[in-house]
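The values are calculated or read from the model by the stated rules, or taken from the named source; none is laboratory data. Just so it is clear, the structure is predicted and the values come from calculations on it, not from any experiment. Neighbour counts are summed over all protein chains in view; Cβ atoms, including those assigned to glycine, are modelled from backbone coordinates with ideal geometry. In case anyone asks, the SASA skips ligands and DNA or RNA and just uses the protein heavy atoms, side chains included. Shrake-Rupley method; radii C 1.70, N 1.55, O 1.52, S 1.80 Å.
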Amino acid sequence: MSMDFVRIRSIVAAPLMGESPKGGWAAEIRPDDSVHALIAVHTDQGITGYGSIFTNGGLVEAALKVLEPLYLGENALEPERVSEKLHQNTFWMGRGGTLTHTISGIDIALWDILGKALNQPVGRLLGGFYRTRVRPYCSLLMEEPDRMAETIAPFKEKGFKAFKIGWGPFGRRGSARNDEAIVAAARRAIAEDDQLFVDAGGSDAFWPNGLRWAINTAHMLADYEVGWFEEALKPDALDDFCELRRQSRVPVAGGEVLTRRQSFIPWLTRGAFDIVQPDATKVGGISEQRRIAWMSEEFGVQYIGHGWNTAIGVAADLQIAAAMPHVGVVEFIGGSAYVDGLLAEPFQLDQEGYLKISTKPGLGVDLDPDKVSHYCPTARRFFSS
């Protein structure tokens, strides 16, 4: 079997619906809403790669029709070139939206194919393994103070030793005392040496708070040894992020809504972030994520990928984490069916609260067709096209 050219035969989307997790958004996600989709790239050599996309599944299916003339017959062994071809030929249709998100999933799937074809894990193809395990932080929604302990408890019992609490009532009640009470309750609920991060969710619709609120809140978070303050401001408030970083005693994190590497340049050159958080399922896939991560390294900004997506997204984040020199944690949604309920072998924490980074070919995980079918009525076509 020649592996010089593996032709893309078809690409199929699997919108996920039925148990979509709450996001804490002002317009809350309903279980039957589609906010994530899987993608399968089928080839003439019988190798299939899988990717994940953070957007509505119907938009993904529409984008695939637009992109089809560009990817059909292409060489699936060349993910960066093929993905860049898709980007370069669709600028005029709108950079950074549905097409970019969909290209992200295609790119992840192409890296999966390349790894399978070469019998190597993606992390090794990205440059090599700096680590073979990484600590996941359990990403949970904030609740009112009297409910934070019960929200955290089941995941603490599962062995998580890092937690991010976000969205919900935080910053949305006009009460600094309530905000502090939420954080204090979370700090009490975890072990003394556990890590705690806070995500305000400033990319929510009509985020009500500005720079003064963010500065005051950052001072409060420092008293609770919070590891970073994420999305404290509206996602386009570059000047305010720069000022917040100058005044905050807590590291400032953000960037999850930015797409394509070029959009990160002003945020890095201006010094807006201590921690940059691109999302591989939005930003352009593994190819773009790696470029942003290395660019951030040059500016002394820590890369920690945003990973509020699916099990395939987690697998991609783990492989990128393996290949970057300074990645201490990866995001892991607490209790999401699309993370816990899609794989033949679900992710398992070790006794120290770490996830092993697979050295199996490709992304190193296998989807369970029956499990995927539970959340996608067209799953049979997804696996067999």
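A few notes on this one:
- Residue 76 meets all of the listed conditions (1) under 18 Å from residue 260 (Cβ atoms); (2) touching a residue at least 60 places away in the same chain (Cβ under 8 Å); (3) over 20 Å from the mean Cα position of the chain (by Cα) but one, namely (1).
- Screening residue 380 against (1) in a helix (DSSP H, G or I); (2) basic (Lys, Arg); (3) at pLDDT 95 or above leaves a single unmet condition, (3).
- Flag if residue 85 is basic (Lys, Arg), in contact with a helix residue (DSSP H, G or I) (Cβ under 9 Å, 6 or more places away or on another chain) and either open to solvent by 40 Å² or more (accessible area, probe 1.4 Å) or part of a loop (DSSP other than H, G, I, E, B) (or both): yes
- Filtering region 134-155 to residues that are surrounded by fewer than 18 Cβ atoms within 10 Å (Cβ to Cβ) and touching a helix residue (DSSP H, G or I) at 6+ places or on another chain (Cβ under 9 Å) leaves 144, 146, 147, 149, 150, 153.
- Note on region 241-308: enclosed helices (runs of 4 or more DSSP H) holding 1 or more residues that are crowded, with 24+ Cβ neighbours inside 10 Å are 280-283, 286-298.
- Extreme residue, most open to solvent (accessible area, probe 1.4 Å), among residues of region 334-356 that are in contact (Cβ under 8 Å) with a residue 60 or more places away in the chain and not in a loop (DSSP other than H, G, I, E, B): 356
- Selection count, region 318-333, where residues are outside any loop (DSSP other than H, G, I, E, B) and in contact with a strand residue (DSSP E or B) (Cβ under 8 Å, 6 or more places away or on another chain): 9
- When region 175-213 is filtered for residues that are outside any helix (DSSP H, G or I) and either free of Cβ contacts under 8 Å to residues at least 24 places away in the same chain or of a type in the set (Asp, Glu) (or both), the ones remaining, listed by number, are 175, 192, 193, 194, 199, 204.
- Filtering 58, 73 for residues that are touching a Pro at 6+ places or on another chain (Cβ under 8 Å) and farther than 30 Å from residue 171 by Cβ leaves a single hit, 58.
- Residue list for region 355-385, restricted to those being in contact with a helix residue (DSSP H, G or I) (Cβ under 6 Å, 6 or more places away or on another chain) and over 25 Å from residue 7 (Cα atoms): 357, 372, 373
- Residue in region 88-103 that is modelled with the lowest pLDDT, counting only those that are within 20 Å of the chain's Cα centre (by Cα) and open to solvent by less than 40 Å² (accessible area, probe 1.4 Å): 96
- Scanning region 25-69 for residues that are buried (at least 21 other Cβ atoms within 10 Å of the Cβ), of a type in the set (Phe, Trp, Tyr) and part of a loop (DSSP other than H, G, I, E, B) yields a single hit, 54.
- Scanning region 357-369 for residues that are β-branched (Val, Ile, Thr) and surrounded by fewer than 16 Cβ atoms within 10 Å (Cβ to Cβ) yields a single hit, 359.
- Residue satisfying all of: in region 173-201; surrounded by fewer than 23 Cβ atoms within 10 Å (Cβ to Cβ) and touching an Asp or Glu at 6+ places or on another chain (Cβ under 8 Å); farthest from residue 225 (Cα to Cα) among these: 173
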